[in-house]
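The values are calculated or read from the model by the stated rules, or taken from the named source; none is laboratory data. Only a predicted model underlies this, so the values are computations on that prediction, with no experimental measurement involved. All Cβ positions, glycine included, derive from the backbone under ideal geometry; neighbour counts span all protein chains shown.
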């Protein structure tokens, strides 16, 4: 008598689908090769570029990044899952990061976080139904002198009070930094413009999924 082996683990990433990364993004990643001694060292810049281009880093993109950098896909997944900055599912157009360090806690960060949750109608690690905001917390934002702090995309807001949250969220410029920034790790301009015009906010809304299903950032608690 012989036992028949059944394949019960189909590939997580389809092997017959179209490429996730366009040639412009691939070329941007290759442009870092001369900056580093090894292709492995290009992994973090590549992840930044891909997330800026797609809004997140899906599993299929990890496989293609691994192929570009001569890595195993598990190496890419290990890195993505280590850093909370990277998302594996669509996130909001703006990511709000509330600080939970001891300095901010003493100065009232819990009240600020609770007001953010109330105003947005979501909890930590969730995304608003319209795809505009995602809310997470981090251990420190390196702004202890100005506690409590809130980071919206790349802009740090200092000494935030619960009564200021509504006004802060209503400001369409709340994620814009008031000085010139480098675009070294950004997606190619044409790709970024195309993503912005394609209605990425609708994708982040999750097509009826609950907010907690729309991202996979692990709860640090």
### Query
Given the structure, is residue 115 outside any loop (DSSP other than H, G, I, E, B), touching a helix residue (DSSP H, G or I) at 6+ places or on another chain (Cβ under 6 Å) and either crowded, with 20+ Cβ neighbours inside 10 Å or outside the structural domain of residue 47 (by TED's automatic domain parsing) (or both)?
yes
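Yes/no matrix, rows are residues, columns are (1) in a helix (DSSP H, G or I); (2) within 22 Å of the chain's Cα centre (by Cα):
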position: 122; (1), (2): no, yes
position: 137; (1), (2): no, yes
position: 141; (1), (2): no, yes
position: 156; (1), (2): no, yes
position: 163; (1), (2): yes, no
position: 169; (1), (2): yes, yes
position: 173; (1), (2): no, yes
### Query
Given the conditions (1) farther than 30 Å from residue 23 by Cα; (2) over 19 Å from the mean Cα position of the chain (by Cα); (3) at pLDDT below 95, and given that residue 126 satisfies all but one, which numbered condition is not satisfied?
(2)
### Message
Exactly one of these conditions fails for residue 131: (1) over 30 Å from residue 183 (Cβ atoms); (2) in contact with a helix residue (DSSP H, G or I) (Cβ under 6 Å, 6 or more places away or on another chain); (3) modelled with pLDDT under 95. Give me its number.
### Response
(1)
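Go through the residues of region 164-172 one by one and say whether even a single one is under 21 Å from residue 52 (Cβ atoms) and surrounded by 14 or more Cβ atoms within 10 Å (Cβ to Cβ). Break it down into steps so the answer makes sense when it comes.
Of region 164-172, the ones under 21 Å from residue 52 (Cβ atoms) are 172.
Filter again for surrounded by 14 or more Cβ atoms within 10 Å (Cβ to Cβ), leaving none.
No.
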### Residue check, residue 191 at pLDDT below 85, part of a helix (DSSP H, G or I) and surrounded by 16 or more Cβ atoms within 10 Å (Cβ to Cβ)
yes
